[in-house]
Amino acid sequence: MEPKRDYYEVLGVARDADQKTVKRAFLKLARTLHPDVNDASDAEDKFKEVNEAYSVISDERKRSNYDRYGNPDGPAGFGGDYADMSDFFGGGFGINDIFDSFFGGMGSSRAGSSVRTRGRDMGVRLSITLEEAASGCAKTISYDRLAPCDDCGGSGIAEGGSIHTCERCHGTGRVVEVQRTIFGQMQSQTTCPVCHGAGHTVDHPCDTCGGSGRAPEKETVELRIPAGVRTGQTVSVTGMGEAGVRGDSAGDLVASIEVVPHERFERQGDDLICTVSIDALEAIVGTCVSVEGIMSGESVAVEIAAGTQFGTRIICHGHGMPSVSTGLRGDLIALIQVITPIDLEGEDLADIERIVAARSLPKTHADESRPAKKPARSTKKGRQKKRRS
């Protein structure tokens, strides 16, 4: 297999280039290599190579690992509180969708394309442990998005340029076309071919973003996950989704939470269910078992009464998951599993055998072992009856 080219060489930048220089070099290459604007047979492969290089060099952690070890993931990968979400977008998002929006926003020549001025929401899927869900946590994620262009401040206008209302559609972004048919004249409304639906034009667009006011960016953001969160719930960061065209409002970053199943606890609402195994002798006399709780350093005492049966559910109030809305904790439910001991020997086993023998002794034998009753005393009436006979 042919070794990959050096990422800095692919982008044509020095190893000490700052992020602004890296991004400008990348966008310049992307505009010439993107399949929408380049018909060369190898354009798509070169574009993928450039995108791969930028995805590493634009990320501070990956770049540091690449510089030190030659591998973006480093010798042991990233820590548990950091996740690269560039390839894990839900809702149809991905780097290709980001570039489609980028090139469309620059006034693509594709027929019928229109500009979405407000930025879209972007969704990511984030997996956390049950312990993290119980206590709440912070997760730093890295992802690609269309962010406001640094060079023009998101306006899309180069220095000395200005923005004007489109003369063709008068700012509506739509035009009415009249066609003559055998049935007469027919009107249809289509996207304005001059402003591509934006409603305005720029006489000197920004060279970096092509006049859209936004450009692909590697973004890093911290997500605060509330205690008690459940699978399927979402956490949003306002304004960190796709940037709007030429300063229009940005969408939100929406993280969909997935709580990974736990090896000891089963979650039901805010309650936690776990199995507690005890010796059959402990079940007979009763005992107290200490169970490790879901919170860090938490120990829960499970009081098991004498005579507890297999499958008994013992509720430990206030030791379950916290509620997102109230903060109050659910219950820990211990499902008792009684285990028959197999290591009894000698006198211990003999003692139990005697107990079992006594409990299983036939009732008739037990009656014979009791002291004999004294004969009942005769009454006066009984003696008189005896003399008459």
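Values quoted throughout were computed directly from the atomic coordinates according to the rules given, and no laboratory measurement underlies them. Note that the structure is a prediction, hence the values are computed from the model and not measured. Positions of Cβ are backbone-derived with ideal geometry, glycine not excepted, and every protein chain shown enters the neighbour counts.
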Requested in this report: Determine ³J(HN,Hα), in whole Hz, for all residues of region 287-296 in sequence, where each value follows from phi through the Karplus function 6.51 cos²θ - 1.76 cosθ + 1.60 and θ = phi - 60°; x replaces Gly and Pro.
Outcome: 6, 10, 10, 8, 10, 5, x, 7, 7, 4
Query raised in the report: Out of residues 5 or more away from residue 214 or on other chains, whose amide H comes under 5 Å of its own, with H placed 1.01 Å from N in the peptide plane?
Result: 149, 246
Report task. Towards the positive end of the charge dipole of region 262-370, with charges on Cβ (+1 Lys, Arg; -1 Asp, Glu), say which of 289, 304, 268 has the farthest Cα. Result -> 268
Requested in this report: Could you please rank 183, 47, placing first whichever residue has the fewest other Cβ atoms within 10 Å of its Cβ?
Outcome: 183, 47
Query raised in the report: Residue by residue through region 18-24, which ³J(HN,Hα) values in whole Hz follow from phi under the Karplus form 6.51 cos²θ - 1.76 cosθ + 1.60 (θ = phi - 60°), with glycine and proline marked x?
Result: 6, 5, 5, 5, 4, 5, 4
Report summary line: Under 20 Å between C-alpha atoms, the lysine pairs in region 2-66 lying 8 or more places apart or on different chains count 11
Query raised in the report: Counting Lys and Arg as +1 and Asp and Glu as -1, each charge on the Cβ, what is the dipole of region 161-236 about the Cα centre in debye, to the nearest 20?
Result: 340
Query - Extreme residue, positive dipole direction of region 1-77, given options 56, 19, 72 (C-beta unit charges) - result: 19
Query - Convex hull volume of region 262-370 per residue (C-alpha atoms, cubic angstrom) - result: 141
Query raised in the report: Relative contact order of region 262-370: what whole-number percent is it, with Cα pairs under 8 angstrom and at least 6 residues apart?
Result: 27
Report summary line: The orientation-averaged projected area of the Cα convex hull of region 1-77, in nm², is 5.6
**Report entry** ³J(HN,Hα) computed for each position of region 229-245 - Karplus, 6.51 cos²θ - 1.76 cosθ + 1.60, integer Hz, glycine/proline x
**Finding:** 4, 10, 4, x, 6, 10, 10, 10, 10, 5, x, 9, x, 5, 5, x, 6
Report summary line: As a percent rounded to 5, the proportion of antiparallel DSSP bridges among beta bridges in region 262-370 is 65
